[in-house]
1. Work out how much length Thr6 to Thr100 would gain on full extension: take 0.36 nm times their residue separation and subtract the Cα-Cα distance, in nm to one decimal.
2. The list [x] 1.23; [y] 1.46; [z] 1.07 gives values of Rg/Rh (Cα atoms, Kirkwood Rh), and only one came from this structure; which label was calculated from it?
3. Where in region 34-60 does the amide nitrogen come within less than 11 Å of the point 7 Å from the Cα of Ser19, taken along Cα to Cβ?
4. Evaluate the distance, in nm, between pseudo-label points positioned 7 Å from the Cα of Ser141 and of Cys64 along their respective Cα→Cβ axes.
5. So for region 9-104, what percent of the C-alpha to C-alpha distances run longer than 23 Å?
6. Determine the distance separating the Cα centre of region 73-147 from the Cα centre of region 18-72; give it in Å without decimals.
7. In nm, what is the difference between 0.36 nm times the number of residues separating Thr47 and Thr76 and their Cα-Cα distance?
8. List the relative contact order of region 34-165 as a percent without decimals, with contacts defined as Cα pairs under 8 Å and 6+ residues apart.
Amino acid sequence: INTALTNITIATTGATAISNDNVAGANGLPAGVKAHWAGNTITISGTPAASGTFNYSIPLTGGCGSVNATGTITVTSANTAGAPSSSPTLSISTPLTAITITTTGATGISDATGLPAAVSAAWAGNIITISGTPTASGPFSYSIPLTGGCGSVNATGTITVTPANTAGAPSSTPTLCISTPLTNITI
């Protein structure tokens with residue numbers, strides 16, 4: 001989609017024109033694509049603005065008989081990746097509530113970068129699902145390249161994993177007399 005079509009030419013004999021000459025989107029062509037007849041040749045050109053499968057049928061005019069020039073143009077959607085369903089903050093070693101990202105145009109994903117250790121991404125039915133139990137803490141900005149379709153698009157987002165709470169050993173374990181000031185103990 002939105003990429004200039006390599007011209008398609010169709011030779012004709014006997015016709016003097018075509019129906020809807022130079023009308024974009026006519027005769028079953030995608031929006032932004034038109035057919036023009038000159039010198040016994042139909043030239044289909046333009047930049048498709050719609051995706052899908054387009055079975056065109058261009059009626060020849062003039063001459064004898066009723067004949068249509070036919071063919072198919074398939075326009076693939078541009079890849080898109082929506083916003084992640086969440087940008088969670090969770091504790092290390094806590095299962096991640098699955099994050100989903102809706103895609104269009106793609107046929108899969110490539111290796112994700114920037115995910116926490118033990119968290120992965122999978123693609124099925126135009127949905128990326130990120131899941132797992134992170135074993136590393138920190139802020140993580142991930143990027144997941146879409147494959148197939150048209151264009152270079154990455155699904156992106158963030159996950160923040162907080163470290164587990166810890167308590168060290170006390171700085172001392174004093175024994176002292178009553179009414180004697182305690183030296184501060186730090187942990």
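Every number in this text was worked out from the coordinates using simple rules, so none of it is lab data. Small disclaimer: the values here were computed from a predicted structure and weren't measured. Cβ atoms come from the backbone with ideal geometry, glycine included; neighbour counts cover every protein chain shown.
1. This chain segment gains 30.1 nm when fully extended.
2. Recomputing Rg/Rh (Cα atoms, Kirkwood Rh) here gives the entry labelled [y].
3. Inside the label zone: 57-60.
4. The modelled label-to-label distance comes out at 7.2 nm.
5. 47 percent
6. 42 Å
7. Difference between extended and current length: 9.2 nm.
8. For region 34-165, the relative contact order is 23 percent.
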